[in-house]
Each structure stands twice: as C-alpha cells, then as structure tokens.
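What follows is a short report on a single structure.
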Amino acid sequence: MSAPHKHAHRCFGVLAEYTSGAELLEAIEHGKRAGYTKMEAYTPLPMHEVSHALGHENDLPKFVLAGGILGACTGFGMQYYAAVIHYPLNVGGRPLNSWPSFIPITFELTILFAALTTVLGMLALNGLPRPHHPVFSVPGFENASRDRFFLLVPHYDPKFDADGALAALRETRSLAVQEVPHP
C-alpha cells in the first residue's frame, strides 16, 4: 500500500460562522496574524471592507478598459479598411479617411466590447459558473444569503493545517467552527 500524498488533506477547509460583519472583520485580522493568506469570506450583503481586509484586488476595470480599447480599434479599423483600402470611394470631395463619419460605429463597438468584457470577466474572475462548491454542503451555510457571515480557511492556503485552523478560528467570536468535507 502506498503512502498518502504529502499534500493530501482530510478536508476542503475550515469554516467559521459569525453574526455580524464586525466579527467577521476581526476574524479576518486574527487569521492574517495566524499566517493565513488565502481566506475566503461569504456575506449576505456586499462589504467592501471585507474585500480590502482579505487583500483582494479587483482586476475587472483593467479588463473592461482593454475591451473598450479593443472595441474602438476594431470599429475604427473595420471602417478604415472598408473606406480607404478595400473600396475607396470619394463622396462629396471628402478625404477617404473621413474619421468624423467613423465616430458612431467606433463608439458603439467600444461600448459593446466593454460590456461583453464586463460580463465575461465577472464570470471568469468569480469562478463561475460553479454548480457546486464544497461549502454548499455544510449545514447552515444557506444562512450566508440571509443573516450570517462566514470565513473559510481553504486547504490550498500555504499554512493550512486543519487542526491549526480549527484552533485559530475557535479563538474568535464565532458561533460555530467546522471542517468542510472534500466533495
């Protein structure tokens, strides 16, 4: 019989439940002092303080800007190619590259590409679609969409040790601390 893999974990992570956002923020700070860097939080309402406390950067605006620039270049380039290179036609004595007439389509494609990048980027950055996540099987986790706040220390955190994470989260003002089983 082979020895277990050195990175094998008996659980997906350790989950703690809190009654308020302030308690969750205190627990995040406690977890950071304990050395955990890959924690995840689940709240019933958006809390920017939680994102900042966890150190999450929002890259979506950068992707949206890049999508908008790509859309503008596509819109202008498509019209430039059609009017100047592929089928040059002098209308009313204007120059072939009459950029003011290209503005509406360039603007529309800028908005279209930025909007599509927003939707697809949001889905990708949130790891969606995710039909199942291991925390969904924890009893009481459905309260994360109602009135409870949860903090997860996942197994992929570099310092993760199930017993250590259980002990660290029990030192906070949590209602319950439990292991999240692997799927």
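Only the coordinates and a few stated rules stand behind these numbers; no lab work does. Note that the structure is predicted; figures quoted are calculated from it, not measured. Note that each Cβ is placed from the backbone with ideal geometry, even for glycine, and that neighbours are counted across all protein chains shown.
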Distance in nm between label sites at Ile105 and Arg170, each 7 Å beyond Cα in the beta-carbon direction?
6.8
How about the stretch 21-105: which GluC sites (Glu not before Pro) there are in a DSSP loop, with at most 12 other Cβ atoms within 10 Å of their Cβ?
Glu57
By how many degrees, between 0 and 90 and to the nearest 10, does the Cα long axis of helix 103-125 differ from the longest principal axis of the chain?
20
Distance in nm between Arg33 and Asn126 label points, each 7 Å along Cα→Cβ, equals 3.4
In this structure, the FRET efficiency calculated for Glu57 and Tyr80 from their beta-carbon separation, with R0 = 41 Å, to the nearest 0.05, is 0.70
To make sure I understand the rule: partners must be aspartates and glutamates, Cα under 20 Å from the Cα of Lys32, and not fewer than 8 residues away in the same chain. Which ones qualify?
Glu17, Glu23, Glu40, Glu49, Glu57, Asp157, Asp161, Asp163, Glu171, Glu179
Subtract the Cα-Cα distance of Ser98 and Glu142 from 0.36 nm times their separation in residues, and report this length gain in nm to one decimal.
10.0 nm
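Within 15 Å, Cβ to Cβ, of Ser51, how many net charges do the neighbouring residues add up to if Lys/Arg are +1 and Asp/Glu are -1?
-3
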Within a Gaussian network of the chain (alpha carbon springs, distance under 10 Å), most fluctuating of Gly92, Gly77, Gly35
Gly92
Post the alpha-carbon centroid distance, the stretch 119-157 to the stretch 51-117, in whole angstrom.
36
